[in-house]
Amino acid sequence: MIRLVRLTTSKFSLIIYLIMTGDAMARFTLYNYTAGSVKEINSRSKMGKSHLILKRYDDIVKSEEDKRVYRGLELTNLMKVLLVSDPVTDKSAAAMDVNVGFLSDPKDVRGLAHFCEHMLFLGTKKYPNENDYSKFLSEHGGGTNAATYVDHTVYYFDVVPEKLEESLDRFSQFFIAPLFTESATEREINAVNSEHEKNIPSDLWRLDQLDKHLANPNHPYNTFGTGNKQTLLNIPKEKGIDVRKQLLEFHNKWYSSNIMSLAVLGKESLDELEDMVVELFSNVENKNVEAPVWLEHPFSEDQFRTKVYVSPVKDVRNLNIVFPSEDIVEFYKSGPTHYISHLMGHEGPGSILSVLKARGWSNSLVAGHRPSPRGIGFFAVAVDLTEEGMDHVDEIVELVFQYLNMLKKEGPQKWVQDENKNIGQMIFRFKDKESPRTYISGLVHSLQEYPMQNVLCANYMLNEWQPELVEKFWKKFVPENVRVSVVAKKYEKELDQTEPWYGTKYKIVEIPEKTIMKWQNAGLCPDLKMPEKNEFIPTDFSLYPIDHDITEFPVIIEDSALTRIWFKQDDQFLLPKANLMCDFVSPLAYLDPLNCNLTHMLVQLFKDALNEYAYAAELAGLKWELINTKYGLILGIGGYSSKQHILLKKIMEKLTTFQIDPKRFNIIKETYIRNLKNFSAEQPYQHAVYYLTVLLTEHSWTKQELLAATDQLTIERLEAFIPQVLSKMHIECLVHGNANKAKALELVQIVEDSLTHTLSMSPLLPRQLLLNRELKLENGCEYSYVVQNEVHKSSCIELYYQCGLQSKENNVKLELVAQIIQEPCYNVLRTKEQLGYIVFSGVRRSNGVQGLRIIVQSDRHPMYLDSRIEAFMASMLEYLNEINDEEFLRHREALAAQKLEKPKQLNSLTNRLWLEITAQQYHFDRANVEVAYLRTLSKNDILDFFKNTLTENAEYRKKLTVHVVSMADGGAGKDNASLTEIPNGNSKLIQDVTAFKSNHEMYPLVQPYINITRKGSKCKL
């Protein structure tokens, strides 16, 4: 896939991985500054393949909490290699970075670098079968992906540790001898085209492409990196260009070992990893190419001082202020633009955002050096605009220049750099371990940019203070160099130009000289000031002694009618971090669409009001979040544990005495209404997932119902609602991490005291704490629900086979079926039949009920997709019949490896435990129990399950499909032939959702795995 990177900000935010419906979908001490020791091979008495290694780097700077060991290599073919030995890892991983991207596409074949990335997965001389690589990984608990950027391309995979060498053998062939077969070349162009069409209605993609379109036409930045059928098939054909030949030439030219970097993590020793890697990758040819660098900026002087008006697809309003900059990689030790973006993107008192919010012009701001091609840079300030802010665009730009003037007047401040340095060192020292694939794929490009000794720490290192560099950068951020873009629907009818690849409407105007002069003479704004020193930066990193009665899983340490507290002391990660999760359950929160809207407004207004205070805490690694759910509110606090109680007290004090700001209410209400309306522009597969949930969930308000209820959303109603919702609830908490029981009770007491003393909170009855249930389809049924999509050209189908309540047996059988069919599903429907770029199969779990789902987003009508999925499922019965015992066992062990993979971070484990608590199943040892059962299953067990629940005319088959039909120009719904291409007379059409639900019973709730008193019942432990 081609990857687009958003502008980054210095703000952190806590992600609560609360999966209420199971509808997540996927494709798959401080620095130890020891100088890096580079040892020439000639001075090293190592046997083996030393003649293929130029240099070893044995003293790579790492965090003192990091138990892995590292070695850097430079091979004789000049490939850079990072080896990571982790004897306790349950997955191995590797990634290759090729230092060339789509800015190096030939002018006549735009998208070739991206297309090359796609094609490398489809067979090599040594492994000619198109799906050999992905099939091998799938059968051994792994997965793979790739991404093409402007100036580099990354490929990566993970796999069970025992299969690392065989995986690396297959992987290495990408860079040695790909096939680029004629048949795959033609077919895969369709996949690239489908990927592009998926992106066409995305404002993020449209604005990024418009930026490239407006660049100097003679600069490589003026390109179209994704490519489509036009650039990869039609145009080359017209010009007599053989695209396959171009692919071979591109690979032969650029896929050279001297501009490649490889990172490998395995459980083997460094010497064993070295032997493995050198054996395989020293065969990659060194073609002595130079990685391209672009020293000339893509925007020349005559393109500055311009304002571009743009019409978006969604109803969004944004202002982007961009300055030319230079490449910042070489300045990583001093981070001059980090210093500037930290201050300009600050959200505390005296910041640009603080003043904008006070004036009612904006809700959010990010500032920073955005990802740029090698050799050049862009520094950007991005602001969202309120309705009132639309009338003050020039004044907002002026405010940015006033803030820059203030910074220049104050001069670079060493205390700011020291704060950032301390935070960076702290983050590096106590950095959470990541999954091997995430870690390695994120690290591999650092080998291209930083000295080998600093590849791990470079992004956290600010140990040089060079104020002259800060001044050098911000001197360029002046009105003479500015480019401004304003994105809003209101300009739609005024725009006179169209970007060719995405069809984005825009207009360019020159900023009047008097406006430039006004910005040049902006002076200072008395409301803007430097931030205060950050009092939240922790200094106490001590760990609580491990309790003598520590348990493997969470235990209840307090249980009353009002509060239940789960506690688990960390004995695994041993970092000074903890997580507190609080589930405030209230039946009022989701009682009707109006109450749902009121709960949403409470959350958004509260977060907005607390932002200035909490921003410093977030910078210091103390994160918090508040979200609304069907059951009430969830508050999460995570990060460094020493000052969590200070932030928690402030949050609870503010929540229980919350006063609504009328101006902010109106702004946030308007944003909420726009967001509800903007759902229509989301991807078709998101619509399919959403409507399936609406059909099956017992209690669900639709976007349309929520939108209709916004008319009743008033300040008076919200003021009356807040004490109501907060004064009658049940609180369930989990404290997990660096804490003991006394600390856990103390934290929750802050929460309870705030609510009971201020609001006289009273408890709920146990039956008010029951979860939603799931609709039960009848055996042998087949239902279809059809909705139209007016925005995207693509249509989509989600086909769901309901398989019943969750249980040990049902869970494992369904997961094993999903494991076995996953790779064939992708290979058949995506690679061979080319139905679309998005093809997904997997288990859907919601409200304790589960089933198999297959999602395909395509330019074909959903009726046709339905027939192809059914044909695929029929072929899977034959596939399962023919699968040999060895292959079956491979799949069984691949699933076991995935289920037994341990969380790498405290947050991940917290999320897993919290999911069991909020689902009221409490099966904390689920993985071990289910894997023990999994290993008893035979091929016949899975065949019986498949025949009984998933084959056509099976006794227990329950099928429900959602058809999202495109009515956009050129979409599948416009193709009259396709509407009747494959009629399906067996399916009952759902025309009234309420009537459909009223005609079905609900599944019972899954009962708790452990013997536990129902929450809300009074008891003493």
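What follows is calculated from the coordinates using simple rules that are stated; it is not laboratory data. Being a predicted model, the structure only gives us computed values, none of them experimental. Here the Cβ positions follow ideal geometry from the backbone for every residue, glycine too, while neighbour counts run over all protein chains shown.
Mean separation of Cα pairs under 8 Å and 6+ residues apart, divided by the residue count of region 781-998: what relative contact order is that in percent? Averaging sequence separation for qualifying contacts and normalising by length gives 41 percent for region 781-998. Counting only the backbone N, which residues of region 831-866 are under 14 Å from the spot 7 Å out from the Cα of Asn986 toward its beta-carbon? Within reach of a label on Asn986, which here means backbone N under 14 Å from a point 7 Å along Cα→Cβ, region 831-866 contributes 866.
Gain on full extension, evaluated as 0.36 nm per residue between Lys832 and Thr756 minus their Cα-Cα distance, stands at 21.1 nm. Given a Förster distance of 35 angstrom, what is the FRET efficiency for Glu952 paired with Arg244, based on the Cβ-Cβ distance and rounded to 0.05? Step by step, r from the Cβ atoms, then E = 0.30. The local environment of Leu82, defined by Cβ-Cβ distances under 14 Å, has a net charge of -2 under the rule Lys, Arg +1 and Asp, Glu -1. Computed from backbone phi, the HN-Hα couplings of region 604-621 come to 5, 5, 5, 4, 4, 6, 8, 4, 4, 5, 7, 4, 4, 5, 5, 4, 8, x Hz, rounded to whole numbers (Karplus: 6.51 cos²θ - 1.76 cosθ + 1.60, θ = phi - 60°; Gly and Pro given as x).
To the nearest 0.05, what FRET efficiency results for Gln497 and Asp969 with a Förster distance of 25 Å applied to their C-beta separation? The formula returns an efficiency of 0.80 here.
Two numbers describe the Cα atoms of region 68-281: Rg and Dmax, which are 18.2, 56 Å. As a ratio to 2.2 N^0.38 Å, the alpha-carbon radius of gyration computed for region 781-998 takes the value 1.10. Measuring nothing but how far apart in sequence close Cα pairs (under 8 Å, 6+ apart) lie, relative to its length, region 68-281 scores a relative contact order of 37 percent. Lys and Arg at +1, Asp and Glu at -1: add these up for the other residues within a Cβ distance under 13 Å of Tyr1009 and post the number. Overall, the nearby charge balance is -1. Extension gain, Glu878-Asp527: 0.36 nm per intervening residue step, less the Cα-Cα distance, totals 119.1 nm.
A Förster distance of 45 Å, applied to the separation of the beta-carbon atoms of Asn675 and Val69, puts the FRET efficiency at 0.40.
Distance between the pseudo-spin-label points of Asp432 and Gln659 (7 Å out from Cα toward the beta carbon): 3.7 nm.
Counting Lys and Arg as +1 and Asp and Glu as -1 over every other residue whose Cβ lies under 9 Å from the Cβ of Asp432, the net charge comes to +3.
Taking 14 Å as the cut-off, the amide N atoms of region 991-1006 that come nearer than this to a point 7 Å along the Cα-to-beta-carbon line of Val694 belong to 991-997. Taking the DSSP beta bridges with both ends in region 68-281, the antiparallel portion is around 80 percent. With the gyration tensor restricted to C-alpha atoms of region 445-563, the semi-axes of the equivalent ellipsoid amount to 49, 28, 23 Å, longest first.
The modelled label-to-label distance for the pair Asp302/Lys237, using points 7 Å beyond Cα in the direction of Cβ, is 3.8 nm. Relative to the current alpha-carbon distance between Val88 and Glu510, full extension at 0.36 nm per residue lengthens the span by 145.9 nm. Simple spin-label estimate for Asp108 and Cys781 gives 5.9 nm between the two label positions (7 Å along the Cα-to-Cβ direction from each Cα).
What's the percent breakdown of Cα-Cα distances in the chain across 10 Å bins, shortest bin first? Reading the bins upward from 0: 2, 10, 18, 24, 25, 16, 5, 1, 0. In the structure shown, the pairs Lys307/Lys514; Lys776/Lys899; Lys80/Lys287; Lys607/Lys643 are assessed against 24 Å; a Cα-Cα span above that value is assigned to Lys776/Lys899. Summed over qualifying helices (DSSP H, 4 residues or more, each -39500 (n - 2.57)) and divided by its residue number, the chain shows a 222 nm mean residue ellipticity of -11000 deg cm²/dmol.
The order of the peptides 137-145, 456-464, 491-499 by mean Cβ neighbours within 10 Å, most packed first, is 137-145, 456-464, 491-499. What the Kirkwood sum gives for region 246-363 is a hydrodynamic radius of 20.6 Å, with every pair of different alpha carbons counted.
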